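To keep things clear, I will list the structure first and then write my remarks on it.
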Amino acid sequence: MKSKIILTALLSVSIMACAQETPKVKQKKTKTTVKSNTKSPKFVNAIDPICNMKTEDDMKDTAVYKNKTYGFCSTYCKDEFKKNPEKYAKK
Ligand SMILES: [Zn+2]
């Protein structure tokens, strides 16, 4: 009769162990919200090549050189660019 008790005890232990062993499967749904910052740039240069200002913030003038539109913060910078576009233009 005692054997039955031991058996149930063993069973319960094994069940406990089994419960501990079962890996907690947490389905982490990682939402990969990739921000699509792939909007086509209006200008080839993000920075004014003359004065190194960010053209996106303060655009005053543009110049087209070799079918590429360059943005400038001022007409002065545009003129400087036009004087020597090869020097400032992106290769
Ligand atoms: Zn400038």
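Cβ-Cβ contacts under 7 Å between residues 6 or more apart (or on different chains), taken from a first residue in the range 51-78 that is under 16 Å from Ala89 (Cβ atoms) and within 11 Å of the ligand (Cβ to nearest atom) to a second residue that is modelled with pLDDT of 95 or more and basic (Lys, Arg), are listed as Asp61/Lys78; Phe72/Lys78. Evaluate the range 21-44: report whether one residue or more is at pLDDT 85 or above and within 14 Å of the ligand (Cβ to nearest atom). Scanning the range 21-44, I find no residue that is at pLDDT 85 or above and within 14 Å of the ligand (Cβ to nearest atom), so the answer is no.
The values are calculated or read from the model by the stated rules, or taken from the named source; none is laboratory data. Quick caveat, the model's predicted, so the values are computed rather than measured. Positions of Cβ are backbone-derived with ideal geometry, glycine not excepted, and every protein chain shown enters the neighbour counts.
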